[in-house]
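I have a structure I would like to understand better, so I am pasting it below and will then ask my questions one at a time.
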Amino acid sequence: MKFRPYHWILAALVVFVGDYFTGPLVHSALLFYLIPVAMAAWSARTRWPSLALALLWPFLRLGVIDLWGWPWPVWVTVGDSILDAILSAGFASLIWQLRNQGRTIRTLQGLLPMCGFCKRIRTSEGWQRVEVYILDHSEARITHTFCPECGRAHYGHLFEEAPPGSAGPPRS
């Protein structure tokens, strides 16, 4: 699922307002503030929006606590906010890394109907070359080369058998 920036900003505002109205006795802010942080980490191309949100919200919450009248000692509340920021930043980094790995590990699955002669693959749009299909359905990059058998068949006059231990065919 792809979240747009306004989704997680709106979620952060809802949690922020809800935190204010629930008062100081409901201390589940770390749990609820992680929702927009996770949304930002899941959908952003870089980890910076989620890290910024993760580091910013505990200190914005200090303003809410100030509006409540500091029900706990200030040094305890500031220390708690610093710890919340560190934990939130770590959570944002883990979610971003998990999503980034998910994008990297995208694989082909199932059976591919392939022509036995030209090796093109049948899709709903028609027949595609294998290279095009792989590029469209995975994160793989394709580089072209040839095997020794094809090298001898197509470039026999240039492709001589290399002696064992050499780097490749001799050059003329």
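Given the criteria out of contact with any helix residue (DSSP H, G or I) (no Cβ under 9 Å at 6 or more places or on another chain), among the basic types (Lys, Arg) and surrounded by fewer than 15 Cβ atoms within 10 Å (Cβ to Cβ), does Arg103 qualify?
Yes.
Out of Ser43, Ser93, which single residue is under 29 Å from Arg141 (Cα atoms), at pLDDT 90 or above and surrounded by 15 or more Cβ atoms within 10 Å (Cβ to Cβ)?
Ser93
May I pose another question? Within the range 1-92, considering only helices (runs of 4 or more DSSP H) that don't extend past its boundaries, which have at least 2 residues that are of a type in the set (Ser, Thr, Tyr)?
Numbers: elements: 5-22, 29-43, 48-68.
Output list reads 5-22, 29-43.
Name the residue that is nearest to Ile65 (Cα to Cα), counting only residues in the range 29-48 that are of a type outside the set (Gly, Ala, Ser) and in contact with a Lys or Arg (Cβ under 8 Å, 6 or more places away or on another chain).
Ranking the qualifying residues of the range 29-48, first place goes to Tyr33.
Out of the residues in the range 61-71 that are closer than 13 Å to Leu25 by Cα and without any contact (Cβ under 8 Å) to a residue 24 or more places away in the chain, state the one that is surrounded by the fewest Cβ atoms within 10 Å (Cβ to Cβ).
Checking each candidate, the answer is Gly69.
Restricting the range 9-19 to residues that are modelled with pLDDT of 85 or more and buried (at least 18 other Cβ atoms within 10 Å of the Cβ), which is farthest from the chain's Cα centre (by Cα)?
Residue satisfying both the conditions and the ranking: Val15.
The values are calculated or read from the model by the stated rules, or taken from the named source; none is laboratory data. In this text the structure is predicted, and so the values were computed from the model without any measurement. All Cβ positions, glycine included, derive from the backbone under ideal geometry; neighbour counts span all protein chains shown.
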